[in-house]
Amino acid sequence: MEPLEGAGQAESGSPTVVSQHLSRAERRAIGKALRKKIPREFHATWNAPSDRPDPVDLVQESNKGRLTDLIPLRHGRMAQSPFTFYRGAALNMAEDLASMPSTGVRVQCCGDAHLVNFRGFATPERNVIFAINDLDETLAAAWEWDLKRLTASFVIACRNNGLSESAAQDTVLTCVRSYREHMAEFGEMKSLDRWYFALETEMLISTIVDPTIRRRAVKRLAKERETCITEDIFPKLVQGSGHTALIKEQPPTIFRLKGHRAGQIDSRIANVFARYRESLTPACRVMLDHYRLLDVAIKVVGVGSVGTRCWIGLLMDGAGDPLLLQVKEARASVLETHAGKSVYPNHGERVVNGHRLMQPSSDIFLGWTKGGSGRHYYVRQLRDVKIKFPVDAFDKAEMCLFADWCGWSLALSHARSGDPSIISGYLGKSDAFDKALAIFSVAYADQTEADHAALKRAIEGGKVKAIFEE
């Protein structure tokens, strides 16, 4: 997919000179003109192409390079439900989205913008904001790819929760309307005001009309603010204290690779850590230098990352205060085949710069590194006031509220790197695009259910091995 003339985005996601110096009215006109080439109604249609790859084959293709022993665990998690399948099938949907009509207007995309990837987290200033949290697949690509992955995830999540089809469609309409209306607002903002803008949780809570939901949100926020690494998280992951502390092994989700002893920081690990340190700003290096690396272990994380090399590192400062870092393997984005290769030589650097473009504020310890075997990694704090929402228990009111927040957040992320006036010009003021995505999302949810069923058949037939957790 190539960006259209006059509406292009550089591969890094920043607006090109073609559009960024035009007036708002001129850029809106560019977006509106795109409707003639790609009418908004075109986005409603999903028909699987005759040459569509087998969904199970794509799951297996995405297993390449993962830890072999963990692949059956990944299959088991994906087989649990269409919702868990969807969360692990970013490659499958990337292939499908690339077969659909596209405006060609690029932004920095998440690449895996399903609803579970939106969370609350603390900024360096200790404010709690709401934004996309996991950006392993981030790359410059068409803005509507992210939005379609998000809206389809809401239909699948609604079905997973036993909500009605009308509730699922209302949720999608809410999400797209929020994206469209807030994109128009961001298009009218001054560039610096838009860059500094963030969705603070207090602001979002103030929009909650239902008093019961509001009370729960306030209580959850207060609990997370009070969460202490030393008192709440440290005891769950670490045994011992002070400079003799070690990471607890909890197979099959936390363990050490064969041949690695507890507390062993050999030259290979030290070199990886040193390269990570060099990726930080000089000021952040000073902060990191207060700590010494004591131990490392593999920690299995979400559905999409199972089998990739994801580590946790335990660090301690001179006073015995801990720091837990997450070191995640960064592989090529699932969008690369159709959106073009990353401009960054290290995929960890690609992910880090995606965070900085899409999030209003990022972790001060965010950096990248490279292993001795040539694998790429990015690094961030394991947890810092991170609020994961219980989407699998949401009723219709909560799901619609969350859809509003996610649409708003995604619009902000896209407006930071792309051209909100062009996108807003294309979307317009009517609900034509909203309705189109509601139709698409239902059809794609049906497709996901069929693909999930295909994976289950492959497991039952012995073609694919799976391990199911208790």
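Derivation of every value follows stated rules applied to the coordinates shown; laboratory data play no part. Given the structure is predicted, the values throughout are model-derived calculations rather than measurements. Cβ atoms come from the backbone with ideal geometry, glycine included; neighbour counts cover every protein chain shown.
Taking θ = phi - 60°, what integer Hz values does the Karplus form 6.51 cos²θ - 1.76 cosθ + 1.60 yield along the range 241-252, in sequence order, with x for Gly and Pro?
So the Karplus estimates, Gly and Pro as x, are 8, x, 7, 9, 5, 9, 6, 6, 7, 9, x, x Hz.
Please report how far the C-alpha centroid of the range 451-470 lies from that of the range 109-153, rounded to the nearest whole angstrom.
Measuring centre to centre over Cα atoms gives 29 Å.
Residue farthest toward the positive end of the dipole of the chain, with Cβ of Lys/Arg at +1 and Asp/Glu at -1: which of V218, A167, Q359?
Going by the charge dipole, the pick is Q359.
When the helices in the chain are scored as -39500 (n - 2.57) per DSSP H run of 4 or longer and the sum is shared across all residues, what 222 nm value do you end up with, to the nearest 500 deg cm²/dmol? It would help to have the intermediate numbers written out before the result.
On the way: 19 runs with 218 residues, N = 470.
It lands at -14000 deg cm²/dmol.
Only sites in a loop by DSSP and with at most 15 other Cβ atoms within 10 Å count here; which trypsin sites (Lys or Arg not before Pro) in the range 134-201 make the cut?
Sparse-neighbourhood loop trypsin sites (Lys or Arg not before Pro): K190.
Could you give the length gained on full extension between V301 and A262, defined as 0.36 nm per residue of separation minus the Cα-Cα distance, in nm? The partial results should precede the final answer.
Numbers: separation 39, 0.36 × 39 = 14.04 nm, distance 2.04 nm.
Value of the extension gain: 12.0 nm.
Given G407, F121, L293, which one lies farthest toward the positive end of the charge dipole of the chain, if we put +1 on the Cβ of every Lys and Arg and -1 on the Cβ of every Asp and Glu?
L293
Which angle between 0 and 90 degrees, to the nearest 10, do you get for helix 267-279 versus the longest principal axis of the chain when only C-alpha atoms count?
40
For the range 382-470, what class follows from the C-alpha gyration tensor (a ≥ b ≥ c being the square roots of its eigenvalues): rounded when a/c is under 1.5, otherwise prolate if a/b is larger than b/c, else oblate? Write down the numbers at each step before the final one.
On the way: a/c = 2.22, a/b = 1.58, b/c = 1.40.
Taking the square roots of the gyration eigenvalues as a ≥ b ≥ c, the range 382-470 is prolate.
What is the angle, in °, between the Cα long axis of helix 347-358 and the longest principal axis of the Cα atoms in the chain? Nearest 10 is fine, range 0 to 90.
Computed tilt is about 50 degrees.
For labels at C284 and M189 in the simple 7 Å Cα→Cβ model, what's the distance in nm?
My value for the distance between the label points is 2.2 nm.
Set the Förster radius R0 to 25 Å, insert the Cβ-Cβ distance between R119 and T253 as r into 1/(1 + (r/R0)^6), and round the FRET efficiency to 0.05. Please list the in-between numbers first.
Values: r = 20 Å, r/R0 = 0.79.
Approximately 0.80, to the nearest 0.05.
Note the full-extension length gain between F197 and Q60 as 0.36 nm times their separation in residues minus their Cα-Cα distance, in nm to one decimal. Write down the numbers at each step before the final one.
On the way: separation 137, 0.36 × 137 = 49.32 nm, distance 4.06 nm.
Value of the extension gain: 45.3 nm.
How would you classify the range 304-392 from its alpha-carbon gyration tensor, with a ≥ b ≥ c the square roots of the eigenvalues: rounded for a/c under 1.5, else prolate if a/b is greater than b/c, otherwise oblate? It would help to have the intermediate numbers written out before the result.
Numbers: a/c = 1.79, a/b = 1.39, b/c = 1.28.
Since a/c reaches 1.5 and a/b is larger than b/c, the shape of the range 304-392 is classed as prolate.
Taking the Cα centre of the range 257-381 as origin, work out the dipole magnitude from +1 charges on Lys and Arg Cβ and -1 charges on Asp and Glu Cβ, in debye rounded to 20.
Working: 17 positive and 10 negative charges, 83 e Å.
The dipole magnitude comes to about 400 debye.
Under a crude label model (7 Å from the Cα following the beta-carbon direction), how far is D395 from K463 in nanometres?
Distance between label points: 4.2 nm.
Mind running the shape call on the range 93-188? Use the C-alpha gyration tensor, a ≥ b ≥ c as the square roots of the eigenvalues: rounded below 1.5 for a/c, prolate if a/b tops b/c, oblate otherwise. Could the numbers behind the result be given before it?
On the way: a/c = 1.42, a/b = 1.10, b/c = 1.30.
Since a/c stays below 1.5, the shape of the range 93-188 is classed as rounded.
Round to a whole angstrom and tell me the spacing of the C-alpha centers of the range 243-260 and the range 75-91.
27
For I213, put the label point 7 Å out on the Cα→Cβ axis and report which residues of the range 394-432 keep their amide N under 15 Å from it.
Residues 394-408 fall inside that zone.
Which order do H243, H43 fall in if you start with the one that has the fewest other Cβ atoms within 10 Å? Let's see the in-between values first.
Working: H243 11, H43 23.
Sorted ascending by nearby Cβ count, the order is H243, H43.
Would you mind estimating how fast the chain diffuses translationally, via Stokes-Einstein at 4 °C and 1.567 mPa s with the Kirkwood radius over Cα pairs, in µm²/s?
On the way: Rh = 23.0 Å.
My calculation gives 56 µm²/s for D.
For a Förster distance of 22 Å, can you work out the FRET efficiency between the beta-carbons of E470 and S81, rounded to the nearest 0.05?
0.85
So, in nm, how far is label A98 from label S23 when the simple model puts each one 7 Å beyond its Cα toward the Cβ?
Label at A98, label at S23, 4.0 nm between them.
Using +1 on the beta carbon of Lys and Arg, -1 on that of Asp and Glu, and nothing else charged, what's the dipole of the chain about the Cα centre, debye to 20? If you can, show how the numbers build up before the last one.
Numbers: 62 positive and 57 negative charges, 121 e Å.
That gives a dipole near 580 debye.
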